[in-house]
1. Find out how many positive minus negative residues lie around residue 23, taking Lys and Arg as positive, Asp and Glu as negative, among other residues whose Cβ is under 15 Å from that of residue 23.
2. Could you compute how fast the range 1-105 diffuses translationally, taking Rh as the Kirkwood radius over C-alpha pairs and applying Stokes-Einstein at 37 °C with viscosity 0.692 mPa s? Give it in µm² per second.
3. For the chain, what are the DSSP H helices with axial Cα length of 24 Å or more and mean Kyte-Doolittle hydropathy of at least 0.0?
4. What does the charge dipole of the range 22-87 about its Cα centre add up to, to the nearest 20 debye, if the Cβ of each Lys and Arg holds +1 and the Cβ of each Asp and Glu holds -1?
5. Show me the trypsin sites (Lys or Arg not before Pro) within the range 77-116 that DSSP assigns to loop and that have at most 16 other Cβ atoms within 10 Å of their Cβ.
6. As a test of the formula, what do you get for the chain when each DSSP H run with n ≥ 4 contributes -39,500 (n - 2.57) and the sum is divided by the residue count, at 222 nm and rounded to the nearest 500 deg cm²/dmol?
7. So for the range 53-116, if I pair up every lysine 8 or more residues apart or on another chain, how many of those pairs have alpha-carbons under 22 Å apart?
8. For a quick protection proxy, order the peptides 38-48, 90-100 by their average other-Cβ count within 10 Å, most packed first.
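Just so it is clear, none of the values below were taken in a lab; they were calculated from the coordinates. Owing to the predicted nature of the structure, the values given are computational and were not obtained by experimental measurement. All Cβ positions, glycine included, derive from the backbone under ideal geometry; neighbour counts span all protein chains shown.
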Amino acid sequence: MLHLRELVLKTASKIDTLEKLEETLKWGEPSYVTKHGSTVRMDWKPQSPNQYAMYFSCSSSLVSTFKTIYKHIFKFEGNRAIVFQLKDEIPEVELTHCISLALTYHKLKHLPLLGA
């Protein structure tokens with residue numbers, strides 16, 4: 001979870017057009033919000049103790065886009081999350097791309113595959 005947090009903060013710091021990144025709790029989960037982005041959350045759930053996930057707005061096209069681009073890289077939960085196993089190594093380049101798309105979503109949502 002701390003590693004995911006670091007990736008979000010590092011990714012946000014590299015987006016020139018990003019306004020303020022707010023780190024907060026939503027539904028008791030660490031969440032990251034920007035003015036022109038979609039909320040990114042992360043959590044571990046006791047009912048699935050060997051996995052954790054990064055969550056995105058299920059009403060956005062984020063996860064469907066990620067599935068198209070990274071279907072062989074990530075495991076997904078419906079249209080709302082990228083799921084990781086505790087033992088897995090995180091594919092950082094690809095996840096950083098997903099985080100970047102989420103943090104700038106409202107500027108990209110009109111583009112095919114979010115401009116990816």
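1. +1
2. Calculated translational D: 239 µm²/s.
3. In the chain, no H run is both long and hydrophobic enough.
4. 240
5. Taking the range 77-116 and a limit of 16 other Cβ atoms within 10 Å, the loop trypsin sites (Lys or Arg not before Pro) found are 87, 109.
6. It lands at -9000 deg cm²/dmol.
7. 7
8. Descending mean neighbour count gives 90-100, 38-48.
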